[in-house]
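The block underneath contains the structure these notes are about, expressed in structure tokens.
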Ligand SMILES: Nc1ncnc2c1ncn2[C@@H]1O[C@H](COP(=O)(O)OP(=O)(O)OP(=O)(O)O)[C@@H](O)[C@H]1O
Ligand code: SF4
Ligand SMILES: [Mg+2]
């Protein structure tokens with residue numbers, strides 16, 4: 001496998017902060033996140049529910065509610081998506097980047113035949129493409145995805161869940177984007193259909209040379225599919241690196257807990273599955289310092305005072321944790337309060 005640093009960068013995300021405005025105050029859903037997405041890679045994004053995975057994905061496409069505050073930079077082929085006006089955004093979505101969601105029925109039009117929908121998707125971005133060549137392109141693509149071309153003159157409700165999900169993937173690929181964001185895109189399928197679809201997806205992605213950000217709760221799935229893994233906790237990036245390095249030796253205490261809580265075929269039936277203590281924080285009032293400190297078995301005094309930053313600890317592995325960083329305060333004595 002090509003080492004991450006030797007690959008071409010497609011997206012550079014720098015100091016990204018996303019805050020939703022709510023009646024109770026701002027929700028800090030993404031906090032100071034920086035990482036790159038490489039050309040042609042599959043990057044998995046995992047973390048507990050509510051940690052900001054979908055928010056991060058939507059921020060890359062600028063699909064967030066208008067009152068949301070987004071700061072930082074999202075450089076796509078060197079251009080900052082956060083600076084795009086509406087016309088640039090319309091052109092950018094679909095052509096350069098597309099998103100596949102969990103429920104295809106929310107993206108497909110129930111009263112429009114699938115082929116009409118796909119032709120329309122092409123012609124919005126490529127008005128010069130006529131209906132016939134657009135249809136030919138769609139037929140080649142859906143057959144590649146394992147669907148007979150005749151089936152796409154059906155309405156969405158006439159297809160099975162697995163077929164609809166394939167159509168969604170087709171919709172994501174039809175404009176030849178450089179990046180696809182798949183947000184829990186195969187979660188609703190049964191495991192056998194999911195495994196088959198993922199195998200096909202991997203082949204197609206290799207063929208198209210497209211990068212994909214796979215957002216999922218399913219760690220086993222990313223282990224199968226992804227080249228690299230990004231682990232999020234409470235809006236922050238905890239760890240980032242090659243799948244091999246992270247599964248072999250997770251460095252961040254949260255990643256270690258997350259991996260221990262995944263059922264393994266080697267697990268003795270009498271062994272109980274690890275359950276991480278505590279609950280993820282409310283992001284309206286996130287903990288000070290490292291956001292994981294109230295749950296961390298290795299927390300030090302500095303952890304509740306200062307937030308660490310994501311730093312390269314070894315080749316292909318970056319970690320956001322004081323265990324791997326020096327700071328004068330790390331040597332500060334713990335003040336014991338007399339009870
Ligand atoms: N539109 C919104 N307005 C206010 N808060 C929101 C909004 N959408 C998400 N949030 C909050 O932002 C935080 C991150 O949510 P997000 O949906 O990005 O998490 P997630 O990791 O995708 O979770 P899941 O795995 O359940 O899909 C959560 O605290 C959530 O409650
Ligand atoms: S910075 Fe401290 S609290 Fe946070 S994960 Fe590392 S050791 Fe735990
Ligand atoms: Mg989500």
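So, in Å, what gap is there between the alpha-carbon centers of the stretch 238-259 and the stretch 111-169?
39
Expressed as a rounded percentage, what relative contact order does the stretch 105-176 have, with Cα pairs under 8 Å and six or more residues apart?
Reported as a whole number, the value is 42 percent.
Please identify, among 34, 98, 304, the residue showing maximal mean-square fluctuation in a Gaussian network model of the chain using a 10 angstrom Cα cutoff.
304
Please determine, in degrees from 0 to 90 and to the nearest 10, the orientation of helix 131-144 with respect to the longest principal axis defined by the Cα atoms of the chain, where the helix direction is its Cα long axis.
Compared with the principal axis, the helix lies near 50 degrees.
State whether the chain is rounded, prolate or oblate according to the following rule on the C-alpha gyration tensor (a ≥ b ≥ c being the square roots of its eigenvalues): a/c under 1.5 gives rounded; otherwise a/b larger than b/c gives prolate, and the remaining case gives oblate.
Prolate, since a/c reaches 1.5 and a/b exceeds b/c.
What's the FRET efficiency of residue 158 with residue 136 using the Cβ-Cβ distance as r and R₀ = 30 Å, to the nearest 0.05?
It comes to 0.85.
Measure nothing fancy, just the Cα-based angle from helix 86-95's long axis to the longest principal axis of the chain, in degrees from 0 to 90, nearest 10.
Roughly 80 degrees between the two axes.
Relative to the longest principal Cα axis of the chain, at what angle does helix 161-173 sit, 0 to 90 degrees, rounded to 10?
It works out to around 90 degrees.
Rounded to the nearest 0.05, what FRET efficiency do residue 176 and residue 217 have when you use their Cβ-Cβ distance and R0 = 41 Å?
The computed FRET efficiency comes out at 0.90.
If R₀ is 30 angstrom, what is the calculated FRET efficiency for the pair residue 128 and residue 105, using the beta carbon separation as r and rounding to 0.05?
0.45
Any read-out appearing in this document is the output of simple, stated calculations on the displayed coordinates, not a laboratory observation. Given the structure is predicted, the values throughout are model-derived calculations rather than measurements. Using ideal geometry, Cβ is built from the backbone for each residue, glycine included, and neighbour counts are taken over all protein chains shown.
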